[in-house]
Amino acid sequence: MENTLERLTGRLPAWARNRSPRRILASAAVVLLIVVIAVSCGGGSGGRADVPVVEGQPDAGVTGVRAPSTATGETLRVVSAEIDSLDPQRSYLPGVWNLMRLYTRTLVTYSTEPGRTDELVPDLATDLGTPSEDGLSWTFTLREGAMFETGRPITSRDVKYGIERSFASDVIVGGPTYVVDLLDVPGNEYAGPYQDEAADKLGLPTIETPDDLTIVFRLRAPQPDLPFVMALPSSSPVPIEADTGAGYGADPVSSGPYAITSVDPATGILLERNPQWNPDSDDVRTALPDRVVVRTGLNGVERDQALLAGSADIDITGTGVATTSRFSSDDGSPVLDRVDDTTTGAMRLLAMPTDVAPMNNPDCRAAVAATVDRAAIQDQLGGPVNAVRRSVLWPRALDGGPEDPDTRPDLGAARAALEACGQPDGFSTVLAVADTPTSVDVADLIAGQLGEVGIDVTVQPLGATSFYATDVGSPDNVAANGFGLVLATWTADFPTPASFLAPLVDSRSIRAVGNTNYARLAVPEIDALVDAARVAGDPAAWREVAAAVDAASVYVPLAETRVQLLAGQRLHNGVVMQPYSGYDLATAGVK
């Protein structure tokens, strides 16, 4: 076998010659699987796949389990758009976070129980953590028996090191940085493990590991949402001896039931069973398939075709089907029975920066808010099947929110507000929008609506890749260009009121780059309400925050994205994972 591999290696392209024999064989396995999948899709009359369709009904996976089964075996076939990184500390895509449930574990994670997937359960830890009385520290105890794919036990130091990687902003870029805000020491900032010159290499002082199974986090301020931060893949353990810095995503070490054995742009990603995974130490993942193949870089139509033809089981992108034309069919098509309908928490909103005239006047902002016609915007977005109107700054699936009055336009109130702000004939402003067809169309529609009361809006499309980071994410750039309106889409990283509201409304979240407080709202009273809500940990306290923000007229909520998830013909155990807007890969099966 070794001689055969040596001869084959000489024929490989340069990029593959330094890869391990295991990965070369794995790549060949992926090629074979893809060929088999492609051939299977070509059979049958009219090009239809000869694949039995699992029985089901609409929305079976939203509050229940689609096609329950405990059978193991076969290959789960996954399709996706582009993947930003397989490095758990560098990805910021929910669909990729879903994929990472297969090869990364965290102290806590999301539940697999249908209808409760926005709740946390213990994973590597024995419980959800214990906060101190003042909320300034959290202690977790790791369970025994969990190991990396190398066979080495996972320790508290590995969890600490994985988190420390996020502090290396010069090397580890692209992922969430909540831990930096929560754990860094002002005046003595930690630069990450790659610049740690201390002789003892103790690392970040605010994370303590008194023994292999105990980890203590000491926070700068109380944070009841810390367990949700610990559920992000960026808080997963990384063995220091295997860390290759910026290149770690090429071969991440598994702590879950599967290990990545091949990554290839043409054939996809192959994950195979991790023999070191101990199911007795994991109450979350069922690991039913023998292997998982992920085809990446597919557009929406290609992903839909794969699901409809039977050559894919799950799309993890989180955008749902690209076209819903088949859903209106009344010819007995089984497609409707394979659809799960859910809102994503992604809310389109119109922000009015308070440091750009005349939006520094609350009455001018009120005039804009009173003019917007959400029903027309919903139609522009494709109707109720694609968007749900929202007039409150609170996602529909998030419990404890205020009642949505479904506010309609009031042009009389808008003209009265213009009088009050000293602009009876209206004013001129610029609306910044990401340069994508759907967003620009919505921006043009809003501009037309505001024109009815004399507000002259110039729509300014900006590059989609730089829009949130440096265009509207830079307060100085917004002010310099006179962006009085910003059309943005906001999605919280985890399903809590704090995660959704605080980045939008807390003055302390304003940043020079990557700013999310698009309205530049800086009101001490609202900051105080945020602090009180964090301490209370009660939706009622966050409703007070939302009410205060609504009274300030700095954001106009427009609509929440709605998606229709299409289950593959073979998918078993289809459970909609609400935080990731897709079927949970940790429990999915195909047999």
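The values are calculated or read from the model by the stated rules, or taken from the named source; none is laboratory data. If you're wondering where the values come from, they're calculated on a predicted model, not measured in any experiment. With ideal geometry, Cβ positions are generated from the backbone for all residues, glycine too; neighbour counts draw on all protein chains shown.
You will find that of S262, S234, the residue that is under 22 Å from S166 (Cα atoms), crowded, with 20+ Cβ neighbours inside 10 Å and of a type in the set (S, T, Y) is S234 and no other. Restricting attention to region 112-133, the residues being exposed (fewer than 14 other Cβ atoms within 10 Å of the Cβ) and not in a loop (DSSP other than H, G, I, E, B) number 1.
Scanning region 551-591 for residues that are among the acidic types (D, E) and in contact with a helix residue (DSSP H, G or I) (Cβ under 9 Å, 6 or more places away or on another chain) yields a total of 1. Just one of the numbered conditions (1) at positive phi; (2) in contact with a helix residue (DSSP H, G or I) (Cβ under 6 Å, 6 or more places away or on another chain); (3) not in a loop (DSSP other than H, G, I, E, B) is not true of G345: (2). The residues of region 460-517 that are more than 26 Å from W542 (Cα to Cα) and within 19 Å of the chain's Cα centre (by Cα), listed by number, are A464, T465, S466, F467, A469.
Among the residues of region 340-397, count how many are under 22 Å from the mean Cα position of the chain (by Cα) and acidic (D, E).
2
Test D158 against the stated conditions and say whether it is in the same structural domain as P94 (by TED's automatic domain parsing), of a type in the set (D, E) and buried (at least 19 other Cβ atoms within 10 Å of the Cβ). Answer is yes for this residue. Of all residues in region 468-502, those being modelled with pLDDT of 95 or more and of a type in the set (F, W, Y) number 3. Among the residues that make up region 407-421, is at least one of them among the hydroxyl-bearing types (S, T, Y), surrounded by fewer than 19 Cβ atoms within 10 Å (Cβ to Cβ) and assigned by TED's automatic domain parsing to the domain that holds G454? Yes: region 407-421 contains one or more residues that are among the hydroxyl-bearing types (S, T, Y), surrounded by fewer than 19 Cβ atoms within 10 Å (Cβ to Cβ) and assigned by TED's automatic domain parsing to the domain that holds G454. In the set A369, A397, A413, only one residue is of a type in the set (A, V, I, L, M), under 22 Å from G451 (Cα atoms) and touching a helix residue (DSSP H, G or I) at 6+ places or on another chain (Cβ under 7 Å); that residue is A413.
Looking at A375, A346, just one residue is touching a residue at least 24 places away in the same chain (Cβ under 8 Å) and surrounded by fewer than 18 Cβ atoms within 10 Å (Cβ to Cβ), and that residue is A375. Scanning region 351-366 for residues that are aliphatic (A, V, I, L, M) and either touching a helix residue (DSSP H, G or I) at 6+ places or on another chain (Cβ under 7 Å) or not assigned by TED's automatic domain parsing to the domain that holds D493 (or both) turns up M352, V356, M359, A366. Selection of region 140-188 for residues being in a loop (DSSP other than H, G, I, E, B), farther than 18 Å from D211 by Cα and either without any contact (Cβ under 8 Å) to a residue 12 or more places away in the chain or β-branched (V, I, T) (or both) yields T150, V171, I172, V173, T177, V185, G187, N188.
Considered as a group, the residues in region 75-97 that are of a type in the set (D, E, K, R) and buried (at least 16 other Cβ atoms within 10 Å of the Cβ) include one that is farthest from the chain's Cα centre (by Cα), and that residue is R77.
Quick one: would you say S333 is polar (S, T, N, Q) and either at pLDDT below 95 or within 30 Å of E119 (Cβ to Cβ) (or both)? Don't jump to the end; show me each part of the working.
Working: polar (S, T, N, Q): yes; either at pLDDT below 95 or within 30 Å of E119 (Cβ to Cβ) (or both): yes.
Here the answer is yes, as S333 does meet what is asked.
In this structure, A479 does not qualify as surrounded by 16 or more Cβ atoms within 10 Å (Cβ to Cβ) and part of a helix (DSSP H, G or I).
Scanning region 130-188 for residues that are under 24 Å from the mean Cα position of the chain (by Cα) and either polar (S, T, N, Q) or farther than 30 Å from G514 by Cα (or both) yields a count of 3.
Between T109, T72, which is surrounded by fewer than 24 Cβ atoms within 10 Å (Cβ to Cβ), under 18 Å from G256 (Cβ atoms) and in contact with a Lys or Arg (Cβ under 8 Å, 6 or more places away or on another chain)?
Working: T109 fails: surrounded by fewer than 24 Cβ atoms within 10 Å (Cβ to Cβ).
Just a single option satisfies the conditions, and that option is T72.
Name every residue in region 417-450 that is free of Cβ contacts under 8 Å to residues at least 60 places away in the same chain, part of a loop (DSSP other than H, G, I, E, B) and more than 28 Å from the chain's Cα centre (by Cα), in order of residue number. Matches in region 417-450: P424, D425, G426. Screening the candidates G115, G135 for the property of being farther than 16 Å from A231 by Cβ, free of Cβ contacts under 8 Å to residues at least 60 places away in the same chain and not aliphatic (A, V, I, L, M) yields one hit, G115.
Here's the yes/no breakdown for (1) more than 24 Å from V180 (Cα to Cα); (2) in contact (Cβ under 8 Å) with a residue 40 or more places away in the chain:
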{"position": "A469", "(1), (2)": "no, yes"}
{"position": "A480", "(1), (2)": "yes, no"}
{"position": "R511", "(1), (2)": "no, no"}
{"position": "A519", "(1), (2)": "no, yes"}
{"position": "V530", "(1), (2)": "no, no"}
{"position": "G537", "(1), (2)": "no, yes"}
{"position": "E544", "(1), (2)": "yes, no"}
{"position": "Y555", "(1), (2)": "yes, yes"}
